Structures are given as structure tokens and as C-alpha cells.
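Working notes, structure below.
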Amino acid sequence: MDRRSALFLFCLIMLVQGAGAYIVTPGYDRPPTGEPLTPVEVAPWELPLYVLVYSLCIAPLDLFTWSGIWFFLRSRQGGSSLLDHPVRGAIYRCIRARPGIHLRALSATTGTPMGTLRYHLGILHQNHKVAVLQEDGRLMYYENSGTYTLTQQRLLKHLMNPTTRQILCEVLRQPGMSRKEVAEIVGISGPAVHWHMKKLEEDGFMMEEREGRTTRYSLNEGIAGDLAAWTTEGGDLSRGSCS
């Protein structure tokens, strides 16, 4: 429980204990005078000091009890029970299988309406089951178990785009390809190649070298290993592999 939640719970208990008036009832039905006594309402500040001290001593016990209930209810959302929900479990499995998937693709793949999807993603993120990367106006989702570094998350983001993925695969196979060669193999225009390469360069994944009027591309050595491991046949992300 964070500090704000604990403070709120403590103040709530104190408010409940101090709210309204206390009812003071005689200790016996008929006092020695013979005249019956009736219960009297007494404001909290009119009580004897020892009664107030006693109430303050009881408050921590109430706080402890309610804290236990709070943690129990929170724990019911965590662990295996969190993924027992069929829709939430399907969303989580899809994110594990397709790291870097964005919100709309996740909705289409799982067949989950956007509002329902946002609700379950919020629970998964709150319970540290998924990580979120927000870039280029999109939200990308990943399994949150320390599996991927930030650099790997960004590389996986590019691999979710079929055209960018093919470009990365071609340059992995043939380092030093020219813009014209990439355009011919991938089947897109030169300006389109430039746009994809610019995005990859911004994230530090692609390097370009000028030879006169020709631009040649090669991968950053730091990502070549991950790219090969993920996209070669039998790799973790071998759908549409580079082999």
C-alpha cells in the first residue's frame, strides 16, 4: 500500500470513529436516588480524556485490520488469478507472442473491443504484467518480465511493420545495399525506402554511407545478433523469417 492510500485509510477510520455523537448509558437501570436515567448524547470533545486516548489506541488496530483486508483484495487481482480471466489471458498471451504489438492490432488480433481492451491492459499494466512503450503516437505492448531492454523494444516495434521488417532482413543478408537495390527487392519507391531508413536511423539501428551519389546501408552491429536470433527460421519471431 502506498503512502497516500495508507493516509486515506487512517483518516477514514478516524473520521468514522469521531463522527456523530456518543451515547452515554447509565451503568444500572435505577440509581440509588430512585429516579430512572435515560441515555444522553455526548459530543466527542465532551468525553473524558481517557476515553479519547483509548479510541486513539484502538485506531491503529483498526488500521491493521483494514490493511489486511486491503492487501487480500489486491492479492486476488495478482498472481495466477489475474490471468484466469479468459479475455485478459488471451490479451496477455497475444502480447507475449507478438512483442511490440500496438493497440489497434491487439484489438483486431484478439477480437476485443477497444474499451474492453483498454480496461484489461490497465489491470495488466497496474500489476506489472506488461510494459508499455509510447512512441510515434502509438502505444506498443511487451511482456514485462525484464525480457527486453529499451533498445530491443524499439527494434521489435520496427519488426511489427512488414515492410520495415523486410528491409532489415535484406540489409542483414547483404550489408552495404544501395537505396535502389533495397527498393527493387522490397518493391517500394526510393522515397519510401528513405522514409523507413530515416526511422531506423533515428533509433540507431541503421547506418548510411555515401559513395558519390549512391547511398548504402548497413546495420548497427549491436542489433544484428538480436535481429538474426528473432527472425531466422525457428527463432522467437520467425513468422516471415529472414531465411
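The values are calculated or read from the model by the stated rules, or taken from the named source; none is laboratory data. What you are looking at is a predicted structure, and each value in this text was computed from that prediction instead of being measured. Every residue, glycine among them, receives a Cβ derived from its backbone with ideal geometry; neighbour counts consider all protein chains shown.
Filter the range 138-170 down to residues that are outside any helix (DSSP H, G or I) and among the charged types (D, E, K, R), then give me how many there are.
Counting residues in the range 138-170 that are outside any helix (DSSP H, G or I) and among the charged types (D, E, K, R) gives 2.
Going through the range 171-181 one residue at a time, which ones are in a helix (DSSP H, G or I), in contact (Cβ under 8 Å) with a residue 24 or more places away in the chain and out of contact with any Gly (no Cβ under 9 Å at 6 or more places or on another chain)?
Within the range 171-181, V171, L172, R173 meet the criteria.
Pick out the one residue from T116, T151 that is modelled with pLDDT of 85 or more, over 30 Å from A224 (Cα atoms) and of a type in the set (S, T, Y).
Of the residues listed, the single one that is modelled with pLDDT of 85 or more, over 30 Å from A224 (Cα atoms) and of a type in the set (S, T, Y) is T116.
Restrict the check to the range 198-215 and report whether at least one residue is in a helix (DSSP H, G or I), at pLDDT 85 or above and farther than 30 Å from R96 by Cβ.
yes
Which of the following residues is in a helix (DSSP H, G or I) and in contact with a Phe, Trp or Tyr (Cβ under 7 Å, 6 or more places away or on another chain): L117, L124?
On inspection, the qualifying residue turns out to be L124.
R88 versus (1) charged (D, E, K, R); (2) surrounded by fewer than 18 Cβ atoms within 10 Å (Cβ to Cβ); (3) out of contact with any strand residue (DSSP E or B) (no Cβ under 7 Å at 6 or more places or on another chain); (4) more than 22 Å from M206 (Cβ to Cβ): which is the lone unmet condition?
Evaluating R88 over (1) charged (D, E, K, R); (2) surrounded by fewer than 18 Cβ atoms within 10 Å (Cβ to Cβ); (3) out of contact with any strand residue (DSSP E or B) (no Cβ under 7 Å at 6 or more places or on another chain); (4) more than 22 Å from M206 (Cβ to Cβ) leaves (2) as the failure.
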